[in-house]
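Written out below as C-alpha cells is the structure these notes cover.
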Amino acid sequence: MSVKPLREGGPAARIAVIAGDGIGKEVTPESVKAIRAAITSARRQIEFVEFDWGADKFLREGVSLPAGAVEMLASEFDAILFGALGDARVPSNQHAADILLGLRFKLDLFVNARPVELFHERLTPLRERSANDIRFMVFRENTEGLYVGVGGFFKKDTPDEIAVQEDVNSRKGVERIIRHAFDYARRNQLKRVCMSDKSNAMNFAHDLWQRVFKQVLQEYPEIESRHLYIDTLAMEVVRDPRQFDVIVTCNLFGDIISDLGAQLAGGLGLAPSGNIHPGRTSLFEPVHGSAPNIAGKGIANPLGSILTSGMMLDFLGWKSEGDALRSAVRSALQENFVTPDLGGDKGTVEVGDWIAKRVGNR
C-alpha cells in the first residue's frame, strides 16, 4: 500500500526531486522519464517537484538546506529522488554534508538499503559466476556509529595532535536496524540473515550489537542467523557470495561492504540505494556520486539512478512498476545498449530513452 494516504483529488504520490551536482543533473531526468513511462502504462499518478539544492545555489546564495526544508519534505512529500552532490568549487563539500547527511539524520532515515544484484555475467570480476550467484541485500545502520560527528581535536596542527572520533550506538538504533533486516527476510521469504561487527576488538559498542542480535533472532526461528566479523565477511563475500541473502551491520562497515558488493555486481554505476524510515518520507539515491570528471559530456550512466527509482516505486507500494524498471535495465545490459563505462557506446539520454520506451511498451 502507499506510504501515505492518497490525497483527495490529487496525485497518488508526490516526489521531491533533488538532482544536485555533476552527473546528478544528467541522470536524474532520465529516471523521471523512466518512472513516467512505468506509471503511465499502469495509470498511476505522480507529481514531481524539483528543488535546485546543490553547489550552484550554495555558491550563489550561501544556502545549502533552506530553513524549513526538512519539515516541508516530511509533511508534503512521499519520497525524495536524489541525484548526487559534490563540486570542486566547494572544497569542503559543506553543502553536500548539510543536504544529504542533514536529511538522513533529520528525517531519521535509519535504514540504508543497498541491494547487490548481478544483472549480467560479463559485469562481475569474479570467475564463473552467474546472476543467481550474486543477489543479496545489505542493510546499513544510517543514523549512528562513527558518522554522527562526535569527537574533536586536541593540540591541532602540532606534533602532539590528538584526534578523537566517537562511535555512537544506541540500543534503540541497533535493535531497529537488526529487526528491519529480519522483517525484510521474512517478508521476502529469504532464508539467511548475517550480522557483521568487530566485537572482538570493539568490545563495548559491538558487544551491544552482539547482545541485541542474539535477542532479536529468537523471534525469527525460521531464518538462519549468522554472525561474521567484518574482515571475515569481506573475504567470504568475495569467495562465495551465494551464501548471503541479507547482511546487516553498522554505519561504517555497511558503507564499505555495500561498495564491495556493488563492485562484484558491475560497479557503482549500477548501484542503487534507499535511505528509508518505513512509513515516512524517505530518500532514494544512486551511489555513484557526482563524477565531475565526466559531468557535462553526455556519457553518464543513468542505470544506477533508474534502479534507484525502482526501489522508490517499491517503497510506494508499486512493485510491478519497480520490477518493470529492473527488467528494462537487465534488457539494456543484455543488448549492450549502455554507456561507455559498461562497454557500450551510447549517451545518457539515448539510454534513458531506450529504457523509457522499453518500459512503456511492456
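Over the chain, DSSP H runs of length four or greater, each weighted -39,500 (n - 2.57), average out per residue to a 222 nm ellipticity of -11500 deg cm²/dmol. In loop segments of region 197-254 as defined by DSSP, the chymotrypsin sites (Phe, Trp or Tyr not before Pro) with at most 10 further C-beta atoms inside 10 Å of their C-beta are 204. Only beta bridges with both residues in region 7-142 are counted; by DSSP, about 40 percent of them are antiparallel. Backbone geometry of region 276-287 corresponds, through the Karplus equation with coefficients 6.51, -1.76 and 1.60 at θ = phi - 60°, to 3J(HN,Hα) couplings of 10, 10, x, x, 10, 4, 10, 10, 10, 9, x, 8 Hz, x marking Gly and Pro. Net length available on complete extension from residue 148 to residue 162 is 3.2 nm, with 0.36 nm assigned per residue and the Cα-Cα distance removed.
Under the convention that each Lys and Arg Cβ holds +1 and each Asp and Glu Cβ holds -1, the size of the dipole of the chain around its Cα centre is about 960 debye.
Within the set 106/191; 57/106; 106/172; 191/214; 198/319, which residue pairs have Cα atoms separated by over 24 Å? Among 106/191; 57/106; 106/172; 191/214; 198/319, the Cα-Cα distance tops 24 Å for 106/191; 198/319. For region 115-197, the set of GluC sites (Glu not before Pro) satisfying both a DSSP loop assignment and a count of at most 10 other C-beta atoms within 10 Å is given as 128, 161. Computed from backbone phi, the HN-Hα couplings of region 130-135 come to 9, 4, 6, 7, 10, 7 Hz, rounded to whole numbers (Karplus: 6.51 cos²θ - 1.76 cosθ + 1.60, θ = phi - 60°; Gly and Pro given as x). Heavy-atom surface analysis with a 1.4 Å probe gives region 38-131 a carbon and sulfur content of 48 percent of its accessible area.
When only alpha carbons are used to place a centre, region 294-362 and region 70-135 end up 16 Å from one another. Between the beta carbons of residue 48 and residue 201, assuming R0 = 51 Å, the FRET efficiency works out to 0.65 to the nearest 0.05. Under 22 Å of direct C-alpha separation, and excluding same-chain neighbours fewer than eight residues apart, residue 346 reaches these lysines: 25, 33, 297, 357. Considering only beta bridges that DSSP places wholly inside the chain, some 40 percent are antiparallel.
Remark: region 62-129 carries 42 Å² of accessible area per residue (probe radius 1.4 Å; ligands, DNA and RNA excluded). Only one residue of 232, 193, 209 has its Cα farthest out toward the positive end of the dipole of region 163-234, where Lys and Arg carry +1 and Asp and Glu -1 on Cβ, and that residue is 193.
The H on the amide N of residue 223, modeled in the peptide plane, is under 5 Å from the matching H of no residue at least 5 residues off or on a different chain. Which of the three applies to region 223-349, rounded, prolate or oblate, going by the alpha-carbon gyration tensor with a ≥ b ≥ c and a/c under 1.5 meaning rounded? Verdict is prolate for region 223-349. The GluC sites (Glu not before Pro) of region 6-77 that meet both conditions, a loop assignment by DSSP and at most 14 other Cβ atoms within 10 Å of the site Cβ, are 8.
Applied to region 72-84, the Karplus parametrisation 6.51 cos²θ - 1.76 cosθ + 1.60 on θ = phi - 60° returns per-residue 3J(HN,Hα) values of 5, 5, 5, 9, 10, 10, 7, 7, 10, 9, 10, x, 7 Hz, with x for Gly and Pro.
Backbone amide hydrogens, once placed in the peptide plane, bring residue 50 within less than 5 Å of 17, excluding anything fewer than 5 places away on its chain.
The values are calculated or read from the model by the stated rules, or taken from the named source; none is laboratory data. Predicted model, so just to flag it, every value in this text is computed and none were measured. Cβ atoms come from the backbone with ideal geometry, glycine included; neighbour counts cover every protein chain shown. Areas reflect the complete protein model, heavy atoms only, side chains present, ligands, DNA and RNA absent. Shrake-Rupley method; radii C 1.70, N 1.55, O 1.52, S 1.80 Å.
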